[in-house]
Structures are given as structure tokens and as C-alpha cells.
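*Asks:* Once you've had a glance at the structure underneath, I'll fire off some questions.
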Amino acid sequence: AQKVTQAQTEISVVEKEDVTLDCVYETRDTTYYLFWYKQPPSGELVFLIRRNSFDEQNEISGRYSWNFQKSTSSFNFTITASQVVDSAVYFCALRAILSNTGKLIFGQGTTLQVKP
Amino acid sequence: DVKVTQSSRYLVKRTGEKVFLECVQDMDHENMFWYRQDPGLGLRLIYFSYDVKMKEKGDIPEGYSVSREKKERFSLILESASTNQTSMYLCASSFRPQGSPLHFGNGTRLTVT
């Protein structure tokens, strides 16, 4: 079975703090993709990053960084020096290629509130 | 930039009505999807389509149907709306390769009274 767990339902930080959003996934497939999406109050989900199962290299994009560890089945997302504009719901998602017809499975989301 | 456009931002319908939610994408994507989003339940896949006139059931297809007559347009149909279909509906599209990210529309908040 495919599953994505985002154990943190809500996180509240003060601006300029660093914050890490956790994502743990389950799949028996050896080939899969992991994604992070951001959903600001406007409602539209915005694609942030994709990682395939063969690439465990961490990635940094500005204040955002992602830590992919197959050994712990985790794909965590860190925002450095958070800003009010980072306030949103963040979703982690899994797409296993062979099973589940390649459907995108979402976690339940983490609501991040960044206070000024 | 990819543009996925959902025809209505807010919709209020009565129980028993037939409801059409329309979605159009402008990037020639093969795949299109309909999700619903509910508090505490995240996003759940209703139906998806990987080609014109093709459709596959997602995790919660009951009470819904879809239509894809043209590549750019994917319609979600509520045959007889019920109050438990009050939700946020999100349309998405992507290229066929499995690693392609989904691009989402702004969503339609449907209220069934």
C-alpha cells in the first residue's frame, strides 16, 4: 500500500525562525517520485519540488531545502529564515510507478503559520 | 506558465441538482485529474484521464462521473448533488511521464444545500 504521513498538522513560528516540515512515506515500489506542494490562502496548489527514488541528493533553492533519506523513508522540507509569505498549507505527495496505476498520493498537509 | 482554469470559484447548488464543474488547461497535457479536498482528509482523487475519451476511477468515484471530449477540457459531473459533496474541488493536469508534476487550478468551492 502507498501512504504519505505528515504528522505535523499545524506549526506556528515567528518570522526568521527556521522550520522543518516532516514527510514519511510508504511504498513497496523501487521506482517512485516524491513531491512537495504549497497551498497559499488563495487555494491553488503550487508545485515546489520533485525527487525520484534514485536520487538522494539533497536540494537547496534559496531559503528552501529538502532532505531525502531512503533509509528512513523520509522527505523533509526546511524553510530557513521563514517569512510571513511562507504561511500556507504544505503537502507532500508520492507517485509510485508500478503499483497504484501511478496515482499521486497526498499526505494530509501541514499548516504553517509564520507570525511577524 | 501552465494555466489550469476552473470555470467557477464558488458554486451553490441544491440537493438533487445535476452539477457540472469545468476545467481547461492550455499546456497540451495528456493527463487530467479531479481531486476533492476536505479538512482532515487531505486531497482525494475522484477520477483521472490520461487521454481524450479515456477515464479511470480514483479513490472516491461514487456519485461522480467525468467527461473528456477534448484534450484541454475535463469535466466533473455530480449526477445528483448531495450535501456530503460539499467540498473544495481541484482540477490538475500533467504530461504523461510519471515523474511529471501536476499543475493545479484555483479550485471550486461547492456548497450543496
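The values are calculated or read from the model by the stated rules, or taken from the named source; none is laboratory data. None of these values were measured; they are calculated from a predicted model. Don't worry about glycine lacking a Cβ; one is built from the backbone with ideal geometry, like all the others, and counts go over all protein chains shown. The area values use the complete protein model at the heavy-atom level, side chains included, leaving out ligands, DNA and RNA. Shrake-Rupley method; radii C 1.70, N 1.55, O 1.52, S 1.80 Å.
*Asks:* If every alpha-carbon in chain B counts as one equal scatterer, what log10 I(q)/I(0) does Debye give at q = 0.15, 0.21 1/Å?
*Replies:* Values returned for q = 0.15, 0.21 Å⁻¹ are -0.58, -1.13.
*Asks:* Report, as an integer, the average count of C-beta atoms from other chains found within 10 Å of each Cβ along A:6-17.
*Replies:* Across the residues of A:6-17, the mean count of other-chain Cβ atoms within 10 Å is 0.
*Asks:* Calculate the tail of P(r) for chain A: the fraction of all Cα-Cα distances greater than 22 Å, expressed in %.
*Replies:* Tail fraction, whole percent: 29.
*Asks:* Now a separate question. Leaving ligands, DNA and RNA out of it, work out the accessible area of B:Leu21 with a 1.4 Å probe and give it in Å² to the nearest 10.
*Replies:* Result for B:Leu21: roughly 0 Å² accessible.
*Asks:* How large is log10 I(q)/I(0) at q = 0.07, 0.08, 0.13 Å⁻¹ when the Debye formula is applied to the Cα atoms of the protein assembly as shown, each weighted equally and without solvent?
*Replies:* Relative scattering, expressed as log10 I(q)/I(0), comes to -0.22, -0.29, -0.77.
*Asks:* Next question, about the same structure. Taking each residue of A:70-76 in turn, how many C-beta atoms of other protein chains fall within 10 Å of its C-beta, and what is the average?
*Replies:* Going residue by residue through A:70-76 and averaging, the value is 0.
*Asks:* Ok, one more. Describe numerically, in nm with one decimal, the distance between label points set 7 Å from Cα along Cα→Cβ at A:Glu56 and at B:Ile60.
*Replies:* Taking the simple label geometry, A:Glu56 and B:Ile60 are separated by 3.6 nm.
*Asks:* On to the next question. Spit out the partnerless Cys residues in the protein assembly as shown, using Cβ distances under 4.7 Å as the pairing rule.
*Replies:* Cysteines of the protein assembly as shown left without a disulfide-compatible partner: none whatsoever.
*Asks:* From largest accessible area down, sort B:His29, B:His103; use a 1.4 Å probe on the protein chains.
*Replies:* B:His103, B:His29
*Asks:* Heavy atoms of the protein only, probe of 1.4 Å, neighbouring chains included. What is the accessible area of B:Val24 in Å², nearest 10?
*Replies:* The value for B:Val24 is about 50 Å².
*Asks:* What is the average number of partner chain Cβ atoms found within 10 Å of a Cβ in A:41-47?
*Replies:* Per residue, the average neighbour count from other chains is 6.
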